[in-house]
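Trainee: Got a structure for you, written out below as structure tokens; questions coming shortly.
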Amino acid sequence: MKKKNRRVASAFYFMVIPMALLFFTLHTLPFLQGVFYSFTNWKGYGKWAVVGLRNYIHIFSDPDIVQAYGFTFYFALFATILVNLFSLLLAMGLNARIKLKSTLRAIFFLPYILGNLIVGFVFKFIFANLLPPIGKALGIASLSVNILGTDNAWLGVLFVTVWQSIAFNMLIYLSGLQTIDHDLYEAADLDGATGWSRFKNITFPLIAPFFTINMVLCVKNFLMTFDQVMAMTGGGPGTATTTVSVLIYKRGFHGAQFAYQSADAVLLFLIIVAISLFQLFVLEKREAKLA
Amino acid sequence: MKFKQAMVLTMAAAMIAVPLSGCSGENSASGSTGDSTAPVSLELFSTKSENSEILKSLAADFHTKNPSVTITVTSPQDAGTVLKTRLTKNDLPDVLSMGGDATFTELQSAGVLEDLSKESYASNIQDSYKEMVYDVQKDAGKALYGVPYATNASGVLYNEEIFKQEGAEVPTTWDDFMALCKKLKNDGITPFELTFNDSWCTLPPWNSMAPDLQPENFTDDRLAGKTTFAATHQEVAKKYLALLPFAQEDYMGTTYADGNKAFAEGNAAMMINGNWAISEFKKVNPDFNVNLFAFPASNDSSKNYVTSGVDVLFAVSAESPNKEAAKQFVSFMMEKETAEKYITDQFAFSAVEGVEQEDETVAGVKKDIANGKVANFPDHYYPSGFDLAALAQEFAKNAAEGKDAEQNITDFLKQCDEKYDAVNVS
């Protein structure tokens, strides 16, 4: 169906080319620079030399990095599952003909509008000052101290991350649910499909593409968790909540390991690309099956 | 399907790549060059949020005397990291006000600072603090890349009223110190307010004890790999743990800001931190009677040094287009009158000869400092990638969660050695 030599209005090029140039200079170029530096021993300043794959080899024997990857995967797994579960539930509730639908939608969307850092700082305060007295009054030992100073600090970070991320995923699910034709549900009603079987056989297959997008976005987002951790725990106590991104930032700049942590960043990038591709591949196959 | 797939992929790839590329950037060198009458604007970068107000006010004084020079004070959160980030972009501020710590060593060894040893004020600085700067410089001999300005003192801050009520004396040995803690606790007073939710706050006890208890040449020997933390710091770690039962409830969950407030309101008798916290107490309670004593880590009181380091030094960027104006500003800051204003505001000590801290809040260590019974902060000598704060915070957290003390100490010191060696290679 391709037509050669068809004249395209130049306006389209005006729309695309300046953006492409900006994107390239401000984004692609620095990214490629980062990749280049990952093959050097640059500290972030001063003299440097190309060292080949030394940084990449060293990563695998660095206990701090291995630990950070372990924590990040663990965290991303929990966050992805919880966010998708709750956002789908909320979306279905808000898609039904309930009262105050618009108000509730606005309320649930609110956390997304707030900056990650702001939310992090607010919750840091809540965990440190407001929650412990409540925990004490209720006699719950694990809540009567600041959770961010204990081994359970990651649960605090997880809670805030999930709370905040639900909004956007809910919106995507909601838009998916709204594409479903109501006639389908009526037909299903006539066939006697209700509750779980209606969800399994009609709703979910029809919003499967949205599930795919949400899964990919969630995994990618949570593997790069940064702001919440920086605001709430700074990676602590000790190194208990240090994600890969936090480690890259802290050690890359503060620890003068710019090149080494660039290698770490490239590795994280490759891992995320691989996981995303894998997810798309598997989930789209399922989508095709379901549809 | 194909189109959507392509779109999702592009979108995903684009979003992944954004944060990775945040690391590099463009130069944004600014400022005007020219003769002394042309308007010049300088950036004064402070790594200490506590002193930004007084620096702003002194910078304004300087501007009044030198109307052609305007100074902007910047003092961001996590300033050490910001500074290094800016160094990577070759965007160093004109004048730096920073600690004599590992970050300074990094800058100095990167060759981006100006040697100030020939300036007239260099001869007017106390030798002991000049030595501390020499110590943290790399391959620089007696060149002075940072002018020591204000010095600090770390030890035990105590609430004088509670001490008076309890009839307590300032302890000078470890045994007296522990006996005092027990007595306070029995009387229903919380001996320590510890603020270990901020990881750096886990360092002052270590920094106070290590110089008293570690072998004399530890710093050099450790650097050369001739000794280990595990072999030499058992006592420090053990005494560190001995302090924790005397802290307030949930010390791991208390932040520096909250703890300062609680201490200033009289909720605890002591706090293990430094003179820099005093101005924070005064914000909460202007009439607070607080004093400082040297941490008595040893039973031999002659070994209980005041931990005192170069808290603020001034450095000038070698690449600044306004180097002369920057030097002129440093010279102004070193004048006796300016230095006095600074230390009065900050409850700090001055490195300038003949400028003495007269405030009573730090009277407890004034004599020691004047007599030179001081030891520098041991962590100023550790390699900069060595994150002792994270290790100490974990050590304290494990103790709070009931880990066996023996095992906790062994693990902690082993970690110290491993992490130290990991960053000591380059």
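The values are calculated or read from the model by the stated rules, or taken from the named source; none is laboratory data. Not measured: the values here are computed from a predicted model. Glycine also receives a Cβ, built like all others from the backbone with ideal geometry; neighbour counts cover every protein chain displayed. Side chains are part of the model used for accessible areas, which takes the heavy atoms of the whole protein and leaves out ligands, DNA and RNA. Shrake-Rupley method; radii C 1.70, N 1.55, O 1.52, S 1.80 Å.
Trainee: Between B:ASN285 and B:ASN90, what FRET efficiency comes out of the Förster formula 1/(1 + (r/R0)^6) with R0 = 30 Å and r the beta carbon distance, rounded to 0.05?
Mentor: Calculated transfer efficiency: 0.10.
Trainee: If you take the accessible area of B alone, add that of A alone, and subtract the area of the pair, what total do you get in Å², probe 1.4 Å, to the nearest 100?
Mentor: About 4000 Å² of accessible surface is lost on pairing.
Trainee: Which of rounded, prolate, oblate describes region B:203-344, given a ≥ b ≥ c as roots of the alpha-carbon gyration tensor eigenvalues and a/c under 1.5 marking rounded, otherwise prolate only if a/b is larger than b/c?
Mentor: Oblate, since a/c reaches 1.5 and b/c is not below a/b.
Trainee: Please identify the GluC sites (Glu not before Pro) of region B:331-399 that satisfy two criteria: DSSP loop assignment and at most 16 other Cβ atoms within 10 Å. Which are they?
Mentor: Of the GluC sites (Glu not before Pro), the ones in loops of region B:331-399 whose Cβ has at most 16 other Cβ atoms within 10 Å are B:GLU335, B:GLU353, B:GLU356, B:GLU358.
Trainee: Over chain B, what is the percentage of antiparallel beta bridges among all DSSP beta bridges, to the nearest 5?
Mentor: If we restrict to bridges inside chain B, about 65 percent are antiparallel.
Trainee: Output the Kirkwood hydrodynamic radius of region B:348-393, Cα pairs only, in Å rounded to one decimal.
Mentor: Answer for region B:348-393: a Kirkwood hydrodynamic radius of 13.2 Å.
Trainee: Taking chain B as a Gaussian network, Cα atoms linked when under 10 Å apart, which of B:ALA140, B:ALA389, B:ALA268 shows the biggest mean-square fluctuation?
Mentor: B:ALA140
Trainee: Per residue, how large is the accessible surface of the protein assembly as shown? Use a 1.4 angstrom probe and give square angstrom.
Mentor: Heavy-atom accessible area per residue stands at 47 Å².
Trainee: If eta is 0.890 mPa s and T is 25 °C, what Stokes-Einstein diffusion coefficient results for region A:11-105, Kirkwood Rh from Cα pairs, in µm²/s?
Mentor: 131 µm²/s
Trainee: Order A:171-181, B:57-67, A:237-247 from most to least packed using the mean count of other Cβ atoms within 10 Å.
Mentor: Packing proxy ranking, top to bottom: A:237-247, A:171-181, B:57-67.
Trainee: Looking at the protein assembly as shown only, what percent of DSSP beta bridges run antiparallel? Nearest 5 please.
Mentor: Bridges in the protein assembly as shown that DSSP calls antiparallel: roughly 65 percent.
Trainee: Please sort B:115-126, A:13-24 by packing, taking for each peptide the average over its residues of neighbouring beta carbons within 10 angstrom, highest first.
Mentor: Taking the mean over residues of other Cβ atoms within 10 Å, the ranking is B:115-126, A:13-24.
Trainee: Just need the Rg to Rh number for chain B, please, alpha carbons only, Kirkwood Rh.
Mentor: Rg/Rh for chain B comes to 1.00.
Trainee: How long, wide and thick is region B:328-426, going by the Cα atoms along their three principal axes, in whole angstroms, largest first?
Mentor: If we take the Cα atoms of region B:328-426, the spans are 52, 36, 23 Å.
Trainee: I'd like the trypsin sites (Lys or Arg not before Pro) in region B:167-249 restricted to DSSP loop residues with at most 12 other Cβ atoms within 10 Å, sorted by number.
Mentor: B:LYS226
Trainee: A further question follows. Looking at the square roots a ≥ b ≥ c of the eigenvalues of the Cα gyration tensor of region A:156-291, which shape do they give, rounded for a/c under 1.5, prolate if a/b is larger than b/c, or oblate?
Mentor: Prolate shape, in that a/c is at least 1.5 and a/b is the bigger ratio.
Trainee: Can you give the accessible area of A:PHE159 in Å² (nearest 10), computed on protein heavy atoms with a 1.4 Å probe?
Mentor: Surface accessible to solvent at A:PHE159 totals approximately 110 Å².
Trainee: OK, next. Over all residues in A:151-162, what is the mean tally of Cβ atoms on other chains that come within 10 Å of each residue's Cβ?
Mentor: For this peptide, the per-residue mean of nearby foreign Cβ atoms is 1.
Trainee: Helix-only estimate, please: 222 nm mean residue ellipticity of the protein assembly as shown, summing -39500 (n - 2.57) across DSSP H runs of length 4 or more and dividing by its residues, to the nearest 500.
Mentor: -17000 deg cm²/dmol
Trainee: Now, a different point. Regarding the protein assembly as shown, what whole-number volume in Å³ per residue does the convex hull of its Cα atoms give?
Mentor: Cα-based convex hull of the protein assembly as shown, divided per residue, equals 218 Å³.
Trainee: Any idea how far the Cα center of region A:267-285 sits from the one of region B:229-255, in Å?
Mentor: Region A:267-285 and region B:229-255 have Cα centres separated by 45 Å.
Trainee: Within a 10 angstrom radius of each residue's Cβ in A:256-268, how many Cβ atoms of other chains show up on average? Whole number is fine.
Mentor: For this peptide, the per-residue mean of nearby foreign Cβ atoms is 3.
Trainee: Still on this model: With the crude spin-label approximation of a point 7 Å out along Cα→Cβ, what separation in nm comes out for B:GLU335 versus A:LEU22?
Mentor: 4.9 nm
Trainee: Follow-up. What spacing in nm lies between the two simple spin-label points modelled at B:GLU166 and B:ASP345, each 7 Å away from Cα in the Cβ direction?
Mentor: Computed distance between label sites B:GLU166 and B:ASP345 equals 3.5 nm.
Trainee: Averaged over A:226-239, how many beta carbons belonging to a partner chain fall within 10 Å of each residue's beta carbon?
Mentor: 5
Trainee: Can you give the FRET efficiency to the nearest 0.05 for B:SER68 and B:ASN299, using r as the Cβ-Cβ distance and R₀ = 51 Å?
Mentor: Efficiency computed from Cβ-Cβ geometry: 0.30.
Trainee: Which of the residues in region B:235-283 lose at least 10 Å² of accessible area when you go from the chain alone to all protein chains together (probe 1.4 Å)?
Mentor: B:GLU249, B:ASP250, B:MET252, B:GLY253, B:THR255, B:ASP258
Trainee: Then there's this: Rounded, prolate or oblate: which one fits region A:74-140, using the alpha carbon gyration tensor with axes a ≥ b ≥ c (rounded when a/c is under 1.5, else prolate when a/b beats b/c, else oblate)?
Mentor: Prolate shape, in that a/c is at least 1.5 and a/b is the bigger ratio.
Trainee: Measuring from centroid to centroid over Cα atoms, what is the spacing of region B:50-129 and region B:280-302 in Å?
Mentor: Here the answer is 28 Å between Cα centres.
Trainee: Moving to a separate point now. With a point put 7 Å past each Cα toward its Cβ, work out how far A:ALA49 is from B:ASN267 in nm, to one decimal.
Mentor: Between A:ALA49 and B:ASN267, the label points sit 5.5 nm apart.
Trainee: Tell me, how many Å apart are the Cα centres for region B:320-362 and for region A:158-186?
Mentor: 60 Å
Trainee: While we're looking at this one, here's another question. Say R0 is 22 Å: what FRET efficiency, to the nearest 0.05, do A:THR194 and A:LEU85 get from their beta-carbon distance?
Mentor: Taking R0 as 22 Å, the efficiency between A:THR194 and A:LEU85 is 0.55.
Trainee: Further, regarding this structure: Looking only at Cα atoms, what is the convex hull volume of region A:64-290 per residue, in Å³?
Mentor: Taking the convex hull of the Cα positions in region A:64-290, it is 145 Å³ per residue.
Trainee: Under a GNM of chain A (C-alpha, springs under 10 Å), which listed residue has the highest mean-square fluctuation: A:ALA256, A:ALA208, A:ALA137?
Mentor: Greatest mean-square fluctuation among the candidates belongs to A:ALA137.
Trainee: For a label point 7 angstrom out from the Cα of B:ASP127 toward its Cβ, which stretches of region B:352-373 have the backbone nitrogen within less than 15 Å?
Mentor: B:353-354, B:371-373
Trainee: Taking 0.36 nm per residue of sequence separation and subtracting the Cα-Cα distance, how much length would be gained by fully extending the chain between B:THR410 and B:SER41, in nm to one decimal?
Mentor: Stretched fully, the B:THR410-B:SER41 segment lengthens by 127.5 nm.
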